[in-house]
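Peer 1: Below are the structure tokens for one structure; questions will follow.
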Amino acid sequence: MANTNLSNAKNAKNDEFYTKFEDIANEINAYLVYNPNVFNGKTIFCPCDNPFDSNFFKYFTLNFQQFKLKKLIATYFASSTRHQKEHPHKIEITQISHLSKEKEINLFDVKYLLKSDKNQLTRLTGDGDFRSAEIKKVRDDADMIITNPPFSLFREFLNWLTEADKQFLIIGSMNAITYKEVFRLIKENRIWLGVSSGCKSYIKPDKTEQKLGNTCWFTNLEHGKRHCPINLLSMKDNLLNEKKLKGKESYDRYDNYNAIEVPISVAIPNDYDGIMGVPISFLEKYSPEQFEIVGQMVNTKIDEYNFGYPFINGKRVYARILIKHKTF
């Protein structure tokens, strides 16, 4: 049901799902553990974030001093805001005064933030669409882009990020891994998955909660998890574990590609030097020091990195990422 909700939202272009504050905090904390200075002196831009609603804006406002940010900017698309009668604005935060517990609460109030002459709320010329020249200019002046972009525009948004060569942390459907444009970036080690397994639920504009399974974080910010190798066993030991391979006497092979089928990541053998097909969820555990990504098997649109749907004994199985060990 959760995956159906995500698909329906994408098809209907119903993109107003707000990320929970605690989910943002949990993900961001892992980057700080890996590099405590990751945000020092940086300008963070949240281009899909109405400051009245966005927990991304609230989170970075509350932590502005602790992270030693240079500037926080938020803009939003006119048709996606609950303030339908308002013209979209850009808010720029460059100063947060000394905080007390009372002031920490007030930081969620835009009016309070604008009491400082160094913080500005300006009306946008256009509708706030991230693809406009006006918003591209803001993007180009920022150091990092951190947001939950519209699911229906994920391809365009990722291209918008990579063409500007910006650091970023965004949320998208895990199925986006299989998009030709996205997979190429993953294979080239230009982007990777974040630390947590995405957000299990989001908040709708009416303040109700909506479960959306199969989402994940995409980023090009370094974190420690992606450099931790998976602990693996031999082919023989994996075959003895019925929970991993359901009592099989050997690993299956694909009919249409020279690789073995590995149905779950923990069943990857540590003593096989050929190519292996693994679920796309493997990328949550992927370490570039341990594995090389060879390609994928996802659909009929075959190209240099996609080798068609995987088949075993004439039966099609789910999309697979093709990998091999770097060293033994």
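Peer 1: Step by step: first the residues of segment 237-248, then only those that are at pLDDT 85 or above and either in a loop (DSSP other than H, G, I, E, B) or in contact with a strand residue (DSSP E or B) (Cβ under 7 Å, 6 or more places away or on another chain) (or both), then the one that is most open to solvent (accessible area, probe 1.4 Å). Which residue is that?
Peer 2: The residue in question is K248.
Peer 1: Among the residues in segment 261-278, are any touching a helix residue (DSSP H, G or I) at 6+ places or on another chain (Cβ under 7 Å), of a type outside the set (S, T, N, Q) and under 30 Å from N159 (Cβ atoms)?
Peer 2: Yes, segment 261-278 contains at least one residue that is touching a helix residue (DSSP H, G or I) at 6+ places or on another chain (Cβ under 7 Å), of a type outside the set (S, T, N, Q) and under 30 Å from N159 (Cβ atoms).
Peer 1: Continuing with this model, one more query. Output the strands (runs of 3 or more DSSP E) that fall wholly within segment 104-214 and possess 2 or more residues being under 30 Å from C228 (Cβ atoms), or say none.
Peer 2: It comes to 144-147, 167-173, 201-203.
Peer 1: Take the residues in segment 186-229 that are under 15 Å from the mean Cα position of the chain (by Cα) and small (G, A, S), then tell me which one is nearest to I171 (Cα to Cα).
Peer 2: Keep residues of segment 186-229 that are under 15 Å from the mean Cα position of the chain (by Cα), which gives 186, 189-202, 212-223, 225-226.
The next check asks that each one be small (G, A, S); those that pass are 194, 196-198, 201, 213.
Numbers: G194: 9, S196: 11, S197: 10, G198: 7, S201: 12, G213: 12 Å.
Ranking the qualifying residues of segment 186-229, first place goes to G198.
Peer 1: Here is a follow-up. Which one of these does F56 not meet: (1) assigned to a helix (DSSP H, G or I); (2) modelled with pLDDT under 95?
Peer 2: (2)
Peer 1: Six or more apart or on different chains, Cβ atoms under 6 Å: show the pairs whose first residue is in segment 299-328 and basic (K, R) and whose second is open to solvent by 60 Å² or more (accessible area, probe 1.4 Å).
Peer 2: Taking only residues 6 or more apart or on different chains, the pairs are R316/Y309; K324/E292; K326/E292.
Peer 1: I need the full set of residues from segment 215-236 which are open to solvent by less than 70 Å² (accessible area, probe 1.4 Å) and either more than 21 Å from A30 (Cβ to Cβ) or in a helix (DSSP H, G or I) (or both), in order please.
Peer 2: The answer is G224, R226, H227, L232, S234, M235.
Peer 1: Could you please let me know if I135 is open to solvent by less than 70 Å² (accessible area, probe 1.4 Å), at pLDDT 95 or above, more than 17 Å from T215 (Cβ to Cβ) and β-branched (V, I, T)?
Peer 2: yes
Peer 1: Being touching a residue at least 24 places away in the same chain (Cβ under 8 Å) and hydrophobic (A, V, I, L, M, F, W, C), is that true of even one residue in segment 241-249?
Peer 2: No, that holds for no residue.
The values are calculated or read from the model by the stated rules, or taken from the named source; none is laboratory data. Bear in mind the structure is a predicted one, so any value in this text is a computation, not a measurement. Glycine gets a Cβ as well: all are built from the backbone with ideal geometry, and neighbour counts include every protein chain shown. Just the protein is used for accessible areas: all its heavy atoms, side chains included, with ligands, DNA and RNA removed. Shrake-Rupley method; radii C 1.70, N 1.55, O 1.52, S 1.80 Å.
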